[in-house]
Amino acid sequence: EGSGSTDMPTDQSVSRFGHLLQRIESGAEYGYSLYLDNESRFDEMPVRHMSALTSRILSSIDYATVARIRNENFSILHDALSEMNMLQFNRHEGDVPMAYPLLLEKGADLRSYLIEHRIYVPLYWKNVLEQSPEKGWEHFLAKNLVALPLDQRYGASEMEQILQTIEKFMYG
């Protein structure tokens, strides 16, 4: 049984860490199929308390450093891409971005190009692509939003590599 005010069981997460270990050992592309298998299991899982393993890992993160690096990476990308980005947004004090949201007419093509050049960018809202009218805003957004990576594993040199790859895509 879990702790707290509910009778939820506590999760056991060790069996779902294989893709993360494979990524460390062999690289992101080698753990991807394990990641997809892992994600599909979450659809059927009941809500549970966080496992001791997950809790221990999360407690070891220096969140202030993570936030600082993500914001620095965001600024590098935003300074270079804001004029071409179809999305306009305001950042607020305390925001910590997950990714840089770049929306372009040819965003789907850019996503494929980046992946071909070993820059992983996820496709969010696949269900929207399958369920919405092709001429609708939701479909356009789901298809063409490129969520550029800016997490704390990366720094200015990786952001420059992303920008150079985008420049090659845009201008040849």
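The values are calculated or read from the model by the stated rules, or taken from the named source; none is laboratory data. A quick note: this is a predicted structure, and the numbers were derived from the prediction, not measured. Counting neighbours? That spans all protein chains shown, and the Cβs are built from the backbone with ideal geometry, glycine included. When the accessible area is computed, the model is the full protein with side chains, heavy atoms only, and any ligands, DNA or RNA have been set aside. Shrake-Rupley method; radii C 1.70, N 1.55, O 1.52, S 1.80 Å.
Counting only residues that are polar (S, T, N, Q) and open to solvent by 30 Å² or more (accessible area, probe 1.4 Å), which one in segment 63-78 is farthest from A147 (Cα to Cα)? Filtering first and then ranking leaves T65. For segment 111-123, the tally of residues that are in a helix (DSSP H, G or I) and either under 16 Å from L150 (Cβ atoms) or not hydrophobic (A, V, I, L, M, F, W, C) (or both) stands at 5. If the condition is being over 26 Å from I61 (Cβ atoms), assigned to a loop (DSSP other than H, G, I, E, B) and open to solvent by 50 Å² or more (accessible area, probe 1.4 Å), then segment 124-170 contributes W125, P133, E134, K135. Report yes if some residue within segment 100-107 is within 26 Å of E134 (Cβ to Cβ), open to solvent by 50 Å² or more (accessible area, probe 1.4 Å) and assigned to a loop (DSSP other than H, G, I, E, B); otherwise report no. Among the residues of segment 100-107, at least one is within 26 Å of E134 (Cβ to Cβ), open to solvent by 50 Å² or more (accessible area, probe 1.4 Å) and assigned to a loop (DSSP other than H, G, I, E, B), which makes the answer yes. I'm trying to understand the selection: among the residues of segment 46-84, which are within 30 Å of L104 (Cα to Cα) and basic (K, R)? Within segment 46-84, R68, R70 meet the criteria. The single residue among N71, N85 that is part of a helix (DSSP H, G or I), of a type outside the set (G, A, S) and at pLDDT 95 or above turns out to be N71.
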